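Accompanying notes for the structure given below.
The values are calculated or read from the model by the stated rules, or taken from the named source; none is laboratory data. Given the structure is predicted, the values throughout are model-derived calculations rather than measurements. Using ideal geometry, Cβ is built from the backbone for each residue, glycine included, and neighbour counts are taken over all protein chains shown. Side chains are part of the model used for accessible areas, which takes the heavy atoms of the whole protein and leaves out ligands, DNA and RNA. Shrake-Rupley method; radii C 1.70, N 1.55, O 1.52, S 1.80 Å.
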Amino acid sequence: KVSPREILCITFTNKAARELRERLRDKIGDQAARDITAGTFHSVAARMLRRHGDRIPNIGRTGDFTIYDADDSKAIVRDVLVNQFHEPKKSAQPGPLKNWISTAKSCVKSSVGLSGSQMLRALLEAKKPIPQMSHERFV
């Protein structure tokens, strides 16, 4: 017999995950169903990182993190355009800046082998001002 704590169930959609949990509760009871790790790939991975991320060497993660969805990240980038680059809120377009950030992170990773956060830490530790960039490059 296998303990429910040793079972991992992965689904691809939130709807399938909810249905899976309901079926598990109906078949094996509420407590046993709660002991099974079940959910979408992303939710299970996030849960594992929250519980055990500090045990993974060289990633610098704790369980205290937030995952932003596409709407959240657009709102943050729009705020940067408005507050840092003084774009009018109505005309601020976050898409090009998000694409630029993604490309920059990929370039750093492929050219010097550092993640974006490692490069940012290195820049901040250098204690030299980061050159101002014209926001027209992002539009």
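Angle of helix 116-126 to the longest C-alpha principal axis of the chain, folded into 0 to 90 degrees and rounded to 10: 50°. Atom-type composition of the exposed protein surface of the chain places 55 percent of the accessible area on carbon and sulfur (1.4 angstrom probe). Dimensions of the chain based on its C-alpha atoms, expressed as ranges along the principal axes with the largest first, amount to 62, 38, 24 Å.
What the chain shows is 80 Å² of accessible area per residue, with the surface traced by a 1.4 Å probe over protein heavy atoms. Angle of helix 14-28 to the longest C-alpha principal axis of the chain, folded into 0 to 90 degrees and rounded to 10: 20°. Pairs over the 25 Å Cα-Cα cut-off, from the set Lys15/Lys98; Lys15/Lys89; Lys74/Lys105: Lys15/Lys98; Lys15/Lys89. Exposure check, 1.4 Å probe, all protein chains in place: Asp72 carries approximately 70 Å² of accessible surface. Measuring max minus min along each principal axis, the C-alpha atoms of region 40-82 give extents of 38, 25, 13 Å (largest first). Pull out the extension gain between Arg61 and Ser3, defined as 0.36 nm times the separation in residues minus the alpha carbon to alpha carbon distance; nm, one decimal. Taking Arg61 through Ser3 to full extension adds about 17.9 nm, to one decimal. Assuming charge only on the beta carbon of Lys and Arg (+1) and of Asp and Glu (-1), the dipole of the chain about its Cα centre is about 200 debye to the nearest 20. Taking amide H as placed 1.01 Å from N in the peptide plane, Thr11 has its amide H under 5 Å from the amide H of Gly39, Thr40, Phe41, each at least 5 places away in sequence or on another chain. Annotation note: trypsin sites (Lys or Arg not before Pro) in region 1-76 located in DSSP loop regions with a Cβ neighbour count of at most 10 within 10 Å are Lys1. For region 79-96, putting each phi into the Karplus relation 6.51 cos²θ - 1.76 cosθ + 1.60 with θ = phi - 60° gives couplings of 4, 5, 4, 6, 7, 9, 10, 6, 6, x, 4, 5, 9, 5, 10, x, x, x Hz, in residue order, rounded to whole numbers and with x for Gly and Pro. Loop-located chymotrypsin sites (Phe, Trp or Tyr not before Pro) in region 1-106 (DSSP state not H, G, I, E or B) with no more than 13 neighbouring Cβ atoms inside 10 Å: Phe12, Phe65, Tyr68.
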